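Asker: Here it is, the structure in full.
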Amino acid sequence: MKQMKIFHKVIAANLANILLIVVTGFLAYHSLDKVLTKLRFMEIADGLSSSFLEMRLAEKNFFLYGEKSALSDIQSKISTAIKTIERSKPDVLRAIGVAKTTRLQSNLENYSRTLEQARIGDTTVQAKVRAAGHNIMEFMNYITSSERAEVNNIIEGSERGLFLSFVLILFTAVGVTLLLSVRVLGSLTRIEKAAHLISEGEFEKIPPEKSSDECGMAVSALLAMARELRNREEQMLEARKLAAIGILIAGVSHEIGNPLNNISMLAQNFVELYDRMDTQEHIEYVKKIEDETERIQRIVKDLLDFARPKNPDFQETDINNVVNKSMRLVQNMISICNLDSLLDLREGLPSVYIDEHQIQGVLINLLTNSIHASSPGDRLRLTTRFNPESDRVEVELEDTGKGISPEILPHIFDPFFTTKGASGTGLGLFVSYGIIKNHKGEMRVRSEAGVGTCFTIELPVHNRLGRSEPCLVSGS
Amino acid sequence: MPGFRVIVIDDEKIVGQMIKVAMEPEGYQVETFLNAEPAFSRLREEKFDVVITDLKMKGIDGMDVLRTIKTAYPDVKVIMITAFASLDSAVEAMKSKVDGFFAKPVKIKELKECIQKLLSTDESGA
């Protein structure tokens, strides 16, 4: 069977509640109406009761003092009572029913008849008259007390009924609200899970939506949107790759164009001014040409490293060994530049799974950059540590050099971006970044002009079981 | 063309050197700079006839040099050279009234001819 939509459930629950309220209202109205009828009758009954009491008083006067006028007085009261009953018959009938009304009327007629007999001088009827009067009073008392009891019953009944319906309405409302919130929250949780999986790109893990309610529709829509987004992203990535290639080509043309121009100009002047130059100058020119070709060669080599990265040879490695080796290679430069260097290598780090040669290249590149940015007396600090939060090994290189200005900072990983003029290719950090990414690692930089720069490399731990032996720490 | 004064701005040191070496024997006075700032201060001090500038430079780039000179010294001829000549940059330079536009590698002979032509028309026009 098709699952009921949340929307339909809400409507059904509300309709049920409205129905309950209408029924309760109707019952309450009915009870009130009944009570009103009874009260109206009670008013009439009170009038009748006092008139009956007066009749009996007159009856007493008649029998005790022989007042003839008392009899006609009673008769007129009886006819007034009968008229009153006739006049309010619908109310009376509704209140006490046909049988009781008829009995009341016949009792009154009977009283009237016996009184008539007494008037014509029949003294034997005294007991009969008294009995008839008594009957009327008794019957009237009976009716009024039973009516009062009934009014109380009705009021009590409607009180119970109202309370019961209040409880029922409350229960339904609360029940429906709970049910709805459980359903809606459940649906939201499903949507949230689906959205989370989509954000991680794991479409396959989203359970197929069988339900056709709003939640099911929302999840399907989300899924469709995410697939579409992924398609678009792929297209955009392609476009971006093409744009990147364009930038790369433009960069290459410019980078190679300059040394090429230098060679060309050197050669032109060499030919043009050959006779005016001495041998020393000739050699100088040719050497400069040689330097410029080397510059081109360097660019081409870096470019090739970038374009055709050699298949990395991943090995389980202790990062501290790589750091030490890289440090030894630049130690000479550090000494010449008169810099302080400090190694802070944490012992017993988990081993990393890396291409040692590539990571060493990255470290040397970073160290060389730091050395170039530093002046005599500045300090270099190389730290290794394990970050249990990210489960990664971190290598941090901090220098107190001239720092990188905020305008330049966003561009330092761009290809062909260099601050070293002709002596740099602008590919070092670009290639380094690629290498770290290829190791599923991260490379971060923070820097402040005039204060220093700090590069952090994060590398994932190889195997939690394969921890490397504690290594010896060596500083400079 | 004796006595004409030329400024070369290019962050490639060899460019300035080679232009200087090629032109000084013909009587030009050539001063070379690796960026625009010191060249501007020289221009404020003395009168120059031609400025040869690279397009892509750190700091003030060639297009800024062209505009600044054409605004402050409309008589000074500006020649632009670039290692990455795009149609866009050429059009932009033309709009800013560049007097010559050369793609690297530059033929020094052609550069000299261009300068001679610019200076002679200037003289005949004056």
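Just so it is clear, none of the values below were taken in a lab; they were calculated from the coordinates. The model shown is predicted, which means the values in this text are computed figures rather than measured ones. Neighbour counts run over all protein chains shown; Cβ positions are idealised from the backbone, glycine included.
Asker: Shielding of B:12-23 by partners, i.e. mean partner chain Cβ atoms within 10 Å per residue? Walk me through the intermediate numbers first.
Answerer: Details: counts 9, 4, 13, 4, 0, 5, 12, 2, 1, 9, 5, 0.
Shielding by partners across B:12-23 averages 5.
Asker: Something else: With charges only on Cβ, +1 for K and R and -1 for D and E, what is the dipole size of segment B:5-125 about its Cα centre, in debye, rounded to 20?
Answerer: Working: 18 positive and 21 negative charges, 25 e Å.
Using only the charged Cβ atoms, the result is roughly 120 debye.
Asker: Rounded if a/c is under 1.5, else prolate if a/b beats b/c, else oblate: with a ≥ b ≥ c from the C-alpha gyration tensor eigenvalues square-rooted, which is segment B:51-121? Before the final figure, lay out the partial values.
Answerer: Values: a/c = 1.69, a/b = 1.08, b/c = 1.56.
Oblate, since a/c reaches 1.5 and b/c is not below a/b.
Asker: Pop a pseudo-label 7 angstrom from the Cα along the beta-carbon direction at both residue A:379 and residue B:46 and give the gap in nm to one decimal.
Answerer: If labels sit at residue A:379 and residue B:46, their model points lie 4.9 nm apart.
Asker: Same structure, new question: What is the fewest-to-most order of B:49, B:10, A:275 by other Cβ atoms lying within 10 Å of their Cβ? Please report the intermediate quantities before stating the final value.
Answerer: Working: B:49 19, B:10 29, A:275 5.
The fewest-first ordering by Cβ neighbours comes to A:275, B:49, B:10.
Asker: Another question, then. Considering the dipole of chain A built from charges on the beta carbon (Lys and Arg +1, Asp and Glu -1) around the Cα centre, which of A:236, A:322, A:162 is farthest to its positive end?
Answerer: A:162
Asker: Around residue A:344, which amide H atoms from residues at least 5 apart in sequence, or from another chain, sit under 5 Å from its own amide H, with H modelled in the peptide plane?
Answerer: It is A:382, A:383, A:384, by chain and number.
Asker: So what's the angle, to the nearest 10 degrees on a 0 to 90 scale, between helix A:428-438 and the longest Cα principal axis of chain A?
Answerer: Result, in degrees: 50.
Asker: So which lysines pass the test for residue B:20, namely a Cα distance under 24 Å, with those fewer than 8 places away in the same chain ruled out?
Answerer: By straight Cα distance, residue B:20 reaches A:287, A:288, B:47, B:56, B:58, B:70, B:77, B:104, B:107, B:109, B:112, B:117.
Asker: I've got another one for you. Please report the spacing between the Cα centers of segment A:235-290 and segment B:22-64 in Å, no decimals.
Answerer: 21 Å
Asker: Something else: So what is log10(I(q)/I(0)) for segment A:282-391 at q = 0.12, 0.13 1/Å, when the Debye sum runs over its Cα atoms only?
Answerer: -0.60, -0.69
Asker: Once the Cα gyration tensor of segment A:26-133 is found, what semi-axes does its equivalent ellipsoid get, as square roots of 5 times the eigenvalues, in whole Å, sorted largest first?
Answerer: Numbers: eigenvalues 222, 31, 20 Å².
Whole-Å semi-axes of the equivalent ellipsoid: 33, 12, 10.
Asker: What is the mean number of Cβ atoms from other protein chains located within 10 Å of the Cβ atom of each residue in peptide A:264-270, rounded to a whole number? Provide the component values of the computation, followed by the final result.
Answerer: Numbers: counts 6, 14, 4, 2, 8, 8, 1.
Mean shielding count: 6.
Asker: Averaging the inverse of every distinct alpha carbon separation and then flipping it gives the Kirkwood radius. What is it for segment B:5-125, in angstrom units? Kindly include the intermediate steps, with their values, before the conclusion.
Answerer: Numbers: mean 1/r = 0.0704 Å⁻¹.
Kirkwood hydrodynamic radius for segment B:5-125: 14.2 Å.
Asker: If I take every Cα pair under 8 Å that is 6 or more residues apart in chain A, average their sequence separation and divide by the length, what percent do I get for the relative contact order?
Answerer: Working: 503 pairs, mean separation 55.0, N = 476.
Reported relative contact order: 12 percent.
Asker: Using Cα pairs under 8 angstrom and six or more residues apart, how large is the relative contact order of segment A:282-384, in percent? Before the final figure, lay out each step's value.
Answerer: Numbers: 90 pairs, mean separation 37.1, N = 103.
Dividing the mean separation by the residue count of segment A:282-384 yields 36 percent.
Asker: What aspartates and glutamates sit close enough to residue A:9 to cross-link, taking a C-alpha to C-alpha distance under 13 Å and skipping anything fewer than 8 places away on the same chain?
Answerer: Partners within reach: A:213, A:214.
Asker: By per-residue mean of other Cβ atoms within 10 Å, what is the highest-first order of A:377-387, A:84-94? Could the numbers behind the result be given before it?
Answerer: On the way: A:377-387: 17.6, A:84-94: 15.1.
Peptide ranking by packing, descending: A:377-387, A:84-94.
Asker: Take the Cα pairs of segment A:315-460, get the Kirkwood Rh, then feed it into Stokes-Einstein at 25 °C and 0.890 mPa s and tell me D in µm²/s.
Answerer: Working: Rh = 15.4 Å.
Answer from the Stokes-Einstein relation: 159 µm²/s.
Asker: Would you mind checking the tilt of helix A:126-199 against the longest principal axis of the Cα atoms of chain A, expressed as 0 to 90 degrees and rounded to 10?
Answerer: Result, in degrees: 10.
Asker: Moving on to the next point. Amide H of residue B:51: which non-local residues (sequence gap of 5 or more, or other chain) have their own amide H closer than 5 Å, using H built in the peptide plane?
Answerer: B:7, B:77, B:78, B:79
Asker: In chain B, which whole DSSP H runs stretch at least 24 Å along their own axis (Cα) and average -1.0 or higher on the Kyte-Doolittle scale?
Answerer: Numbers: long enough: B:108-125 (25 Å, -0.50).
Correct list, ordered by number: B:108-125.
Asker: Would you pull out the residues with amide H under 5 Å of residue B:102's amide H, same chain only if 5 or more places away, H placed 1.01 Å from N?
Answerer: B:80, B:81, B:82
Asker: Aspartates and glutamates near residue A:77 by alpha-carbon distance under 19 Å, same-chain residues fewer than 8 away left out - which ones?
Answerer: Reachable aspartates and glutamates: A:43, A:46, A:54, A:59, A:67, A:86, A:109, A:116, A:138.
Asker: Calculated from DSSP H runs of 4 or more alone, at -39500 (n - 2.57) each and per residue, what is the 222 nm mean residue ellipticity of chain A, nearest 500? Intermediate values should be presented prior to the final figure.
Answerer: Values: 9 runs with 320 residues, N = 476.
The helix-only estimate for chain A comes to -24500 deg cm²/dmol at 222 nm.
Asker: What translational diffusion coefficient, to the nearest whole µm²/s, does segment A:214-307 have by Stokes-Einstein, given a Kirkwood radius computed over alpha-carbon pairs, a temperature of 37 °C and 0.692 mPa s viscosity? It would help to have the intermediate numbers written out before the result.
Answerer: Working: Rh = 17.7 Å.
Answer, rounded: 186 µm²/s.
Asker: Based on the Kirkwood radius over alpha-carbon pairs, what value in µm²/s does the Stokes-Einstein equation return for the translational diffusion coefficient of chain A at 25 °C and 0.890 mPa s?
Answerer: Numbers: Rh = 34.2 Å.
It diffuses with D of about 72 µm²/s by this estimate.
Asker: Sticking with this structure for a sec: Pairing the Cα long axis of helix A:6-65 with the longest principal axis of chain A, what angle in degrees results, from 0 to 90 and rounded to the nearest 10?
Answerer: 20 degrees
Asker: Let me spell out the model: positive unit charges on the Cβ of Lys and Arg, negative unit charges on the Cβ of Asp and Glu, origin at the Cα centre of segment A:315-460. What dipole size does that give, in debye rounded to 20?
Answerer: On the way: 13 positive and 19 negative charges, 66 e Å.
It comes to approximately 320 debye.
Asker: Along the charge dipole of segment B:5-125, Cβ charges K/R +1 and D/E -1, which of B:40, B:74, B:94 sits furthest on the positive end?
Answerer: Positive-end residue among those listed: B:94.
Asker: When the Karplus curve 6.51 cos²θ - 1.76 cosθ + 1.60 is applied with θ = phi - 60°, which whole-Hz ³J(HN,Hα) does each residue of segment A:107-112 get, with x for Gly and Pro?
Answerer: Once θ is set to phi - 60°, the couplings for segment A:107-112 become 4, 5, 4, 4, 4, 4 Hz.
Asker: Here's another thing I want to ask about it. Only bridges whose two residues both fall in chain A count here: according to DSSP, what percent of them are antiparallel, nearest 5?
Answerer: Working: 28 of 34 bridges.
The answer is about 80 percent antiparallel.
Asker: Which one, A:99, A:376, A:285, is farthest towards the positive end of the dipole of chain A when Lys and Arg carry +1 and Asp and Glu -1 on their Cβ?
Answerer: A:99
Asker: While we're here: Suppose every K and R has +1 on its Cβ and every D and E has -1 on its Cβ; what is the size of the dipole of the protein assembly as shown about the Cα centre, in Debye to the nearest 20?
Answerer: Values: 73 positive and 82 negative charges, 831 e Å.
The calculated dipole for the protein assembly as shown is roughly 4000 debye.
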